[in-house]
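Participant: Encoded as structure tokens, here's the structure I'll be asking about.
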Amino acid sequence: MSLTENKILTIEGRGIPLEGNDIDTDQVVPARFLKEITFKNMGDYLFYDARFDEDGKAKAHPLNDSKFKGGKFLVVQENFGCGSSREHAAQAIKRYGIKAVIGISFSEIFSGNCKSLGIPIVQLDKDQIAKIAHALTDDPTVMCALNIENETFKVGTKIFFFSMAPTLKASLVGGTWDALTLLQNNDQKTNRLDASLPY
């Protein structure tokens, strides 16, 4: 994959509102699922204990609600992704089909794990998130649009402005968020450096 293909400029889709502060990574992906040797099935375990009972029967949860099926934006509250640093949380979100997470505040490590997968993390204030969550609950079909370059998140006709860290914005817009792709696209420089080393 090239850096051009990795560029993330805009994302469009519907949103999924998720209530609750301090949702930690163990709630995002319960620890018992970390034993899998690949991330392939992580999307199946997203918020598993909140979504299913001990018998595997579905409980009331936004991700189990057909109204929000296929949503691309996860709208969360405060201190999302706190707790352990497991990268499985970000992997589960991506593999479920979520393209961006919008919230009030996030764990720094969780945010970094999302960046490495090309998942934009957007911070808005409490009042803005409340308005967005209300709009999504009131009309789950409302379309949302995230514009990284303009730093705007549009819900229906309402536009919310945010400020993204310059380094994060540059990595998303420039397609450099994926370290492996960045390395592969600079293999000549890497080989030259390797050849110049005295050891």
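The values are calculated or read from the model by the stated rules, or taken from the named source; none is laboratory data. What you are looking at is a predicted structure, and each value in this text was computed from that prediction instead of being measured. In this analysis, Cβ positions are derived from the backbone assuming ideal geometry, glycine residues included, and neighbour counts consider all displayed protein chains.
Participant: Can you list residue pairs whose Cβ atoms sit under 7 Å apart, with the first residue in the stretch 39-61 being part of a loop (DSSP other than H, G, I, E, B) and the second being among the basic types (Lys, Arg)? Count only pairs 6 or more apart in sequence or on different chains.
Facilitator: 39/95; 53/59; 59/51; 61/51
Participant: Here is a follow-up. So, of the residues in the stretch 95-110 that are closer than 23 Å to residue 69 by Cα and of a type in the set (Gly, Ala, Ser), which turns out to be surrounded by the most Cβ atoms within 10 Å (Cβ to Cβ)?
Facilitator: 100
Participant: What tally of residues in the stretch 14-38 results from selecting those that are outside any loop (DSSP other than H, G, I, E, B) and touching a strand residue (DSSP E or B) at 6+ places or on another chain (Cβ under 6 Å)? Talk me through it step by step, then tell me what you get.
Facilitator: Of the residues in the stretch 14-38, the ones outside any loop (DSSP other than H, G, I, E, B) are 15-17, 24-28, 31-35.
Imposing the further condition that a residue be touching a strand residue (DSSP E or B) at 6+ places or on another chain (Cβ under 6 Å) reduces the set to 15-17, 24.
Of the residues in that region, 4 qualify.
Participant: Sticking with this structure for a sec: Please determine, by comparing only the residues of the stretch 157-179 that are part of a helix (DSSP H, G or I) and of a type in the set (A, V, I, L, M), which one is surrounded by the fewest Cβ atoms within 10 Å (Cβ to Cβ).
Facilitator: Step one: of the stretch 157-179, the residues part of a helix (DSSP H, G or I) are 166-174, 179.
With of a type in the set (A, V, I, L, M) added as a condition, the list becomes 168, 170, 172-173, 179.
Details: 168: 18, 170: 14, 172: 23, 173: 15, 179: 10.
Among those that are part of a helix (DSSP H, G or I) and of a type in the set (A, V, I, L, M), it is 179.
Participant: Let me ask something else. Looking at the stretch 23-43 only, could you name the residues that are surrounded by 12 or more Cβ atoms within 10 Å (Cβ to Cβ) and either of a type in the set (Ser, Thr, Tyr) or in contact with a Pro (Cβ under 9 Å, 6 or more places away or on another chain) (or both)?
Facilitator: Passing the criteria: only 25.
Participant: Scanning the stretch 62-90 for residues that are assigned to a loop (DSSP other than H, G, I, E, B) and among the polar types (S, T, N, Q), which turns out nearest to residue 118 (Cα to Cα)? Reasoning before the result, please.
Facilitator: Going residue by residue through the stretch 62-90, those that are assigned to a loop (DSSP other than H, G, I, E, B) are 65, 69-72, 76-79, 81, 83-87.
Among the residues that remain, those that are also among the polar types (S, T, N, Q) are: 77, 79, 84-85.
Working: 77: 21, 79: 20, 84: 20, 85: 17 Å.
Going through the qualifying residues, I end up with 85.
Participant: Quick check, is residue 93 assigned to a loop (DSSP other than H, G, I, E, B), aliphatic (A, V, I, L, M) and closer than 22 Å to residue 118 by Cα? Steps first, please.
Facilitator: Details: assigned to a loop (DSSP other than H, G, I, E, B): no; aliphatic (A, V, I, L, M): yes; closer than 22 Å to residue 118 by Cα: yes.
Judged against the criteria, residue 93 is not a match.
Quick grid of which residues meet (1) among the polar types (S, T, N, Q); (2) modelled with pLDDT of 90 or more:
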{"site": "129", "(1), (2)": "no, yes"}
{"site": "134", "(1), (2)": "no, yes"}
{"site": "146", "(1), (2)": "no, yes"}
{"site": "152", "(1), (2)": "yes, yes"}
{"site": "171", "(1), (2)": "yes, yes"}
{"site": "178", "(1), (2)": "no, no"}
{"site": "188", "(1), (2)": "yes, no"}
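Participant: Only residues in the stretch 162-174 that are touching a residue at least 60 places away in the same chain (Cβ under 8 Å) count as the first member; pair them with residues that are assigned to a helix (DSSP H, G or I), Cβ under 7 angstrom, at least 6 apart or cross-chain, and list the lot.
Facilitator: 174/3
Participant: Restricting to the stretch 111-134, and then to whatever is on the phi < 0 side of the Ramachandran plot and assigned to a loop (DSSP other than H, G, I, E, B), can you tell me which residue is surrounded by the fewest Cβ atoms within 10 Å (Cβ to Cβ)?
Facilitator: Looking only at the stretch 111-134, we keep the residues that are on the phi < 0 side of the Ramachandran plot, and these are 111-117, 119-134.
Okay, now just the ones that are also assigned to a loop (DSSP other than H, G, I, E, B), so 116-117, 119-120, 124-125.
Details: 116: 15, 117: 15, 119: 22, 120: 21, 124: 20, 125: 11.
Checking each candidate, the answer is 125.
Participant: Which one is farthest from residue 176 (Cα to Cα), of the residues in the stretch 135-156 that are surrounded by fewer than 18 Cβ atoms within 10 Å (Cβ to Cβ) and touching a residue at least 40 places away in the same chain (Cβ under 8 Å)? Outline the logic, then answer.
Facilitator: Here is the first cut: in the stretch 135-156, the ones surrounded by fewer than 18 Cβ atoms within 10 Å (Cβ to Cβ) are 137-139, 141-143, 145, 147, 149-152, 154, 156.
Cutting the leftovers down to touching a residue at least 40 places away in the same chain (Cβ under 8 Å) gives us 137, 141-143, 145, 147, 149.
Working: 137: 35, 141: 33, 142: 31, 143: 28, 145: 22, 147: 17, 149: 15 Å.
Looking at the filtered set, the residue picked out is 137.
Participant: Are any residues in the stretch 81-101 under 11 Å from the mean Cα position of the chain (by Cα) and within 25 Å of residue 127 (Cβ to Cβ), and if so, which ones? Full working, then the answer.
Facilitator: Within the stretch 81-101, the first condition is being under 11 Å from the mean Cα position of the chain (by Cα), and the residues that meet it are 81, 89-101.
Result: 81, 93, 98, 99, 100, 101.
Participant: Before we move on, is residue 141 in a loop (DSSP other than H, G, I, E, B) and at pLDDT 95 or above? Write out each step before concluding.
Facilitator: Numbers: in a loop (DSSP other than H, G, I, E, B): yes; at pLDDT 95 or above: yes.
So residue 141 fits the description; yes.
Participant: Still on this structure, I have one more. If a residue has to be more than 16 Å from residue 25 (Cβ to Cβ) and among the polar types (S, T, N, Q) to count, how many in the stretch 54-98 make the cut? First the steps, then the outcome.
Facilitator: Initial filter on the stretch 54-98 (more than 16 Å from residue 25 (Cβ to Cβ)): 54-73, 75, 97.
Filter once more, so that each one left must be among the polar types (S, T, N, Q): 64, 66.
Residues in the stretch 54-98 being more than 16 Å from residue 25 (Cβ to Cβ) and among the polar types (S, T, N, Q): 2 in total.
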